[in-house]
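Report on the structure given below.
The values are calculated or read from the model by the stated rules, or taken from the named source; none is laboratory data. This is a predicted model, so every value here is computed, not measured. All Cβ positions, glycine included, derive from the backbone under ideal geometry; neighbour counts span all protein chains shown. Remember, those area values only see protein heavy atoms, side chains included, never the ligands or the DNA or RNA. Shrake-Rupley method; radii C 1.70, N 1.55, O 1.52, S 1.80 Å.
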Amino acid sequence: VQLQASGGGLVRPGGSLRLSCAASGSIFSLNTMGWYRQAPGKQRELVATITESGGTNYADSLKGRFTISRDNAKNTLYLQMNSLKPEDTAVYYCNLRYWLRQAYNYWGQGTLVTVSS
């Protein structure tokens, strides 16, 4: 399984970005995909996750500004980020996990989001 994240870049405070993550390979359909981020000098943290049926979970601090979605037909995950703040600056990683007789957990390479004026 490979995860290819894209869509990061430089954006001004208050701006928006949409991240994408394309999954390829042999993927079990009953899976959870998610976005995590890691700011400089900090640990990786949860942004949001979404199940194959659309159930979502968000970090409390990001509710209302970020929206996670997925297109199961395209095996693609999205993250719409609005009202961006400098503290949202981080490398954003996509993740895919599922259980099929054992746990499977995959990470993408990360895409850098920089929020700065």
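Couple of notes before you dig in:
- Asp71 meets the stated requirement of being of a type in the set (Asp, Glu) and without any contact (Cβ under 8 Å) to a residue 24 or more places away in the chain.
- Selection count, the range 81-93, where residues are hydrophobic (A, V, I, L, M, F, W, C) and either free of Cβ contacts under 8 Å to residues at least 24 places away in the same chain or in contact with a Phe, Trp or Tyr (Cβ under 6 Å, 6 or more places away or on another chain) (or both): 1
- Options Tyr104, Tyr98: the member that is touching a residue at least 60 places away in the same chain (Cβ under 8 Å), assigned to a strand (DSSP E or B) and either of a type in the set (Val, Ile, Thr) or under 20 Å from Ser20 (Cα atoms) (or both): Tyr98
- Pick from the range 58-85, criterion under 16 Å from Tyr98 (Cβ atoms) and open to solvent by 40 Å² or more (accessible area, probe 1.4 Å), ranking: farthest from the chain's Cα centre (by Cα): Asn72
- Unique residue being of a type outside the set (A, V, I, L, M, F, W, C) and in contact (Cβ under 8 Å) with a residue 60 or more places away in the chain when the list is Ser61, Ser16, Ser26, Ser53: Ser16
- For the range 53-95, the tally of residues that are farther than 15 Å from Ile27 by Cβ, in a strand (DSSP E or B) and of a type in the set (A, V, I, L, M, F, W, C) stands at 6.
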